[in-house]
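Reading through the structure tokens given below for one structure.
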Amino acid sequence: MLRFITCILLVNALVHADRPADYVERVKGRQVVAKPYQSWLTDIYPGLKLTDQAAVIELQMVGIPGGTFTMGSPPEEKGRRDDEGPQVDVEVEPLWMSRYEITWELFIQYLDQYSQTMAKNPDRDLATRPDAVSLPTPIYESTNAILGAYGAESRHPAAGMRQLTARQFTKWLSQKTGRFYRLPTEAEWEYACRAGSSSAWCFGDDPSELKQYAWWYDHGSTQEGDTQLHPVGQLRPNAWGLYDMHGNVQEWVVDQYDPQWYRQFMGRKVRAVEMINWPTREYSRVVRGGSSYHYAEELRASYRMHSKPEWLEMDTQIPRSLWWLAGGDEAMLTGFRVVRPVTEPDYEQKRRFWEADVDWMVQVVRKNSNRDQELRVPILRDAGE
């Protein structure tokens, strides 16, 4: 009997041998405190303010083992759409993923760099350098008010940003910590969400269990259709310890959306890096996981959503912001989480993740010269000092 148990333990150890150990990234910044609702419209951060007191913000990273999974959904899965197939076997390298969606507590430290940079160098040359982080301008009034209505406290997921903003955050975080962070690819995101499962949701196929894991439109609150955001990590995690992979905010990934993208890989096993659809134009970009705005079927592990021009329809600025969304519920309930690969790529590959659509951005700047300051405020490699 003892020999049998030992055998089981050895097999289990082999299965998880390539799973990286969890760790906590500690990011130096400033203390975040709440502020009265009345002041939200006149400040650049929704519902929060930074003090002069130093703070350390923890970013919990979960080890994700390498492995192969079947991406997409079978034809018989309820709620399935054509863009979820054909199913493809994808090999994913081991990596780390943030346990929670990125919160305002950490995201505001990145936004704060805009104020610090401009205060130190108000007349500086704003030309982009290869090692520079592009910083977003302050959140403008309409977006600020909308975010406040959904919930924007310290432990709420940061939301309402465009994909460019999320990617530049990962570049800032990388320079701040000395470790390479980026957005997940679409394949990595689905693999991590499934956590070894092949069902509609990470826990199975029974939607009645969803309220244990996700905040969504019909979660069962006192008011049907409550799209309020919730602090991260309040419900159950998936099998790999990741919270809110279903619901709360939908999450940006690297990829450009193509409803027929999977077809070219049909019938063969591919690596996750081969599955990336690198962005080359403004629309559309993939978001995953669904939000508190979506129905249960839209929170399935394989369900694909994407950005739309309508996500900027409430932006009254001319030209519209490169950094912030201003639309209805679907747009404003958009956030992200980060990953870190175990095998660190070379610098050119890092830049591709950070600046996947740099050619498109350059074209935008050339067409709208008044956007130069909005797009290009550099922080050099000493950003973490």
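The values are calculated or read from the model by the stated rules, or taken from the named source; none is laboratory data. Note that the structure is predicted; figures quoted are calculated from it, not measured. Because the Cβ atoms are built from the backbone with ideal geometry, glycine has one as well, and the counts that use them run over all protein chains shown.
Checked against the criterion of being modelled with pLDDT of 60 or more, touching a Pro at 6+ places or on another chain (Cβ under 8 Å) and either in a helix (DSSP H, G or I) or surrounded by fewer than 21 Cβ atoms within 10 Å (Cβ to Cβ) (or both), the candidates ALA152, ALA192 yield just one match: ALA192.
The conditions of being at pLDDT below 95, under 18 Å from LEU59 (Cβ atoms) and surrounded by 24 or more Cβ atoms within 10 Å (Cβ to Cβ) are met by LYS171.
Considering only residues that are buried (at least 18 other Cβ atoms within 10 Å of the Cβ), at pLDDT 85 or above, of a type in the set (Ser, Thr, Tyr) and not in a strand (DSSP E or B), which ones fall in the range 293-342? Result: TYR293, SER302, TYR303, SER307. Of all residues in the range 199-212, those that are surrounded by fewer than 18 Cβ atoms within 10 Å (Cβ to Cβ) have Cβ atoms under 8 Å from Cβ atoms of residues that are at pLDDT below 95 and outside any strand (DSSP E or B), 6 or more apart or on another chain, in LYS211/HIS219; LYS211/GLY220. All of (1) surrounded by fewer than 20 Cβ atoms within 10 Å (Cβ to Cβ); (2) touching a strand residue (DSSP E or B) at 6+ places or on another chain (Cβ under 9 Å); (3) at pLDDT below 90; (4) not aromatic (Phe, Trp, Tyr) hold for LYS350 with one exception: (3).
Condition check ((1) among the polar types (S, T, N, Q); (2) within 30 Å of LYS28 (Cα to Cα); (3) touching a Leu at 6+ places or on another chain (Cβ under 7 Å)) across all residues:
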| residue | (1), (2), (3) |
| --- | --- |
| THR165 | yes, yes, no |
| LEU173 | no, yes, no |
| TYR191 | no, no, no |
| TRP201 | no, no, yes |
| THR227 | yes, no, yes |
| HIS246 | no, yes, yes |
| TYR257 | no, no, no |
| MET266 | no, no, no |
| GLU274 | no, no, no |
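Looking only at the range 262-284, count how many residues are at pLDDT 95 or above, among the basic types (Lys, Arg) and farther than 11 Å from VAL90 by Cα. Total meeting the criteria: 1.
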